[in-house]
Amino acid sequence: MVLYLCASSINAKNSVLVIMSVLFYAWGEPIYVLLMLFSAFINYFCGLMIGANRRKSQKKVWMLVGVVVGLLLLGFFKYSGWLIESLNAVTGLSLAAPKVSLPIGISFYTFQTMTYTIDVYRGEVKVQRSYRDFLLYVSLFPQLIAGPIVRYSEIEPQLTQRKTTAKGAFYGLTRFATGLGKKVLIADYCGSVADKLLGGELASATTLGIWLGIILYTLQIYFDFAGYSDMAIGMGRIFGFKYSENFDLPYTSKSITEFWRRWHISLSSFFRDYVYIPLGGNRRHQMLNLFVVWSLTGLWHGASWNFVLWGLYFFVLLVIEKSNRERLERIPGVIRHIVTLFLIALGWTLFYCTDLGRLGHTLGCMFGLYGAGFSSYTTKVTLVNNIPLLILGIVASSSLPRTVGNIFKSLCMRKNSAMTAKYTYVVAVGVLDLLLLFLCVASLVGSSYNAFLYFRF
């Protein structure tokens, strides 16, 4: 940060950020950093070629080269092993799967480079002549590892025109502290208990235990990913970058359609604008287009059949909603909200269980078909011990914190002069930021569970 602030020009600041971002990625992926640099260069070069050619057919060829190379790299590193294992299972062959690990963040930076190449072809953005600036867009460390998926069109003007201000840095720090709190103080604790309940011996599992585990996992996956998105948005703002929101209180939704407008917004909008609409959208073959989009959405999340089932599960729910929209809207909002949360929790069960045999047993246990009955003494103790965590997670995922924050801000502004109000508000929020950071550090020191779920994507 000191080097960045000391840099005298925007070009120098960009150079500092590129170097630090590449070093940041190389710290975790010393070999695969070359893959990220190569992927960025291919799409940068294809962008230049699109700009250099006047014929649309030639532009299309270079656009396809950039997209296909990116998808081939993603397919090889993320899906080749799964595809070969599936082929062996179906045909009885014994083909050897390539022994490669999944590069961190490959799904995110592959989609980002694709938005650039496609948008240049469409004429929606200008060709980026500087590889350094394009690499900065791809590799910027706040969002490189786990998103959100930032489109080039959103970040293009900020690559050459942005300012680091005290107001922006303060907002960024507050947003970062909030995200870290979501991750460390809620997601990690929820995940620790959920893994014990869902990942243990199924023979001794209880219906209450499985449901408690799924509810905690439902909270974990939201606060894990939303927390990281908050941290990315906050760190980006400190350096003058403004990223779009990625979550908007998804668990307040009253339908699955609304849920997907609020959950992982950058991914949903990507598939809408780069897959669904080009295929025909609502104009033609709508059901087929939805099927393709949700199959790809499931596959994007992981190379496993449970993710495909998860995507198709939401495809079916969305089709049902679209076909019965008027009838469903007559149902009271509270009931629609409860049913939506129930269906979402069932979906996260598909998401959690990568083994299909275990998935079937878990679903059966949820509805009393397997396991050691409805509950046990151990399950009841676990439930009682985690009631405060459940309350914290439920309240924090609602609109209540946002409402309280707005009320507090309005009270500060109402009772004091402009300068005093601003000072009071800043001091109060700053104290809360420091308290959050202190609690997070203390929790990290004393905890061994700190998994980032979306790193594998």
The condition of being outside any helix (DSSP H, G or I) and of a type in the set (A, V, I, L, M, F, W, C) holds, among Leu93, Leu72, Leu64, only for Leu93
Scanning the range 342-385 residue by residue, those in contact with a helix residue (DSSP H, G or I) (Cβ under 7 Å, 6 or more places away or on another chain), under 29 Å from Lys254 (Cβ atoms), surrounded by fewer than 19 Cβ atoms within 10 Å (Cβ to Cβ) and in contact (Cβ under 8 Å) with a residue 60 or more places away in the chain turn out to be Leu343, Ala345, Gly368, Leu383
When Thr174 is run through (1) assigned to a helix (DSSP H, G or I); (2) over 30 Å from Asn386 (Cα atoms), the failure sits at (2)
Checking the structure you have, find out if any residue of the range 77-84 is surrounded by 15 or more Cβ atoms within 10 Å (Cβ to Cβ), modelled with pLDDT of 90 or more and more than 20 Å from Ala146 (Cβ to Cβ).
no
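How many of the residues making up the range 308-341 are in contact (Cβ under 8 Å) with a residue 40 or more places away in the chain and under 25 Å from Leu212 (Cα atoms)? If you could, list the steps in order and put the result at the bottom.
Here is the first cut: in the range 308-341, the ones in contact (Cβ under 8 Å) with a residue 40 or more places away in the chain are 309-310, 314, 317-318, 321-322, 328, 333, 336-337, 340-341.
From what's left, under 25 Å from Leu212 (Cα atoms): 309-310, 314, 317, 333, 336-337, 340-341.
The number of residues fulfilling the criteria is 9.
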Here the qualifying pairs (Cβ atoms under 8 Å; residues six or more apart or on different chains; first in the range 279-304 and farther than 23 Å from Leu72 by Cα and free of Cβ contacts under 8 Å to residues at least 12 places away in the same chain; second hydrophobic (A, V, I, L, M, F, W, C) and in a helix (DSSP H, G or I)) come out as His285/Leu279; Leu288/Leu279
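For (1) under 20 Å from the mean Cα position of the chain (by Cα); (2) of a type in the set (Ser, Thr, Tyr); (3) in the same structural domain as Ser21 (by TED's automatic domain parsing), each residue gets a yes or a no:
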{"position": "Ser80", "(1), (2), (3)": "no, yes, yes"}
{"position": "Ile84", "(1), (2), (3)": "no, no, yes"}
{"position": "Asn88", "(1), (2), (3)": "no, no, yes"}
{"position": "Pro98", "(1), (2), (3)": "no, no, yes"}
{"position": "Thr110", "(1), (2), (3)": "yes, yes, yes"}
{"position": "Phe141", "(1), (2), (3)": "yes, no, yes"}
Per the filter on the range 24-47, residues exposed (fewer than 15 other Cβ atoms within 10 Å of the Cβ) and in a helix (DSSP H, G or I) are Trp27, Gly28, Leu34, Phe38
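Looking at the range 126-141, can you tell me whether even one residue there is among the small types (Gly, Ala, Ser), part of a helix (DSSP H, G or I), surrounded by fewer than 22 Cβ atoms within 10 Å (Cβ to Cβ) and touching a residue at least 12 places away in the same chain (Cβ under 8 Å)? Walk me through it before giving the result.
First pass over the range 126-141, keeping only residues among the small types (Gly, Ala, Ser): 130, 139.
Next cut, part of a helix (DSSP H, G or I) only: 139.
Going one step further and asking which of them are surrounded by fewer than 22 Cβ atoms within 10 Å (Cβ to Cβ), we end up with none.
No - not one qualifying residue is present in the range 126-141.
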Going through (1) touching a helix residue (DSSP H, G or I) at 6+ places or on another chain (Cβ under 8 Å); (2) without any contact (Cβ under 8 Å) to a residue 12 or more places away in the chain one by one, Gly51 fails only at (2)
Matching residues in the range 270-309 (of a type in the set (Ser, Thr, Tyr), part of a helix (DSSP H, G or I) and buried (at least 16 other Cβ atoms within 10 Å of the Cβ)) number 3
Original post:
In this structure, is Gly234 more than 26 Å from Thr362 (Cβ to Cβ) and over 18 Å from the mean Cα position of the chain (by Cα)?
Top reply: no
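The values are calculated or read from the model by the stated rules, or taken from the named source; none is laboratory data. Given the structure is predicted, the values throughout are model-derived calculations rather than measurements. We place every Cβ from the backbone using ideal geometry, glycine too, and count neighbours over all the protein chains shown.
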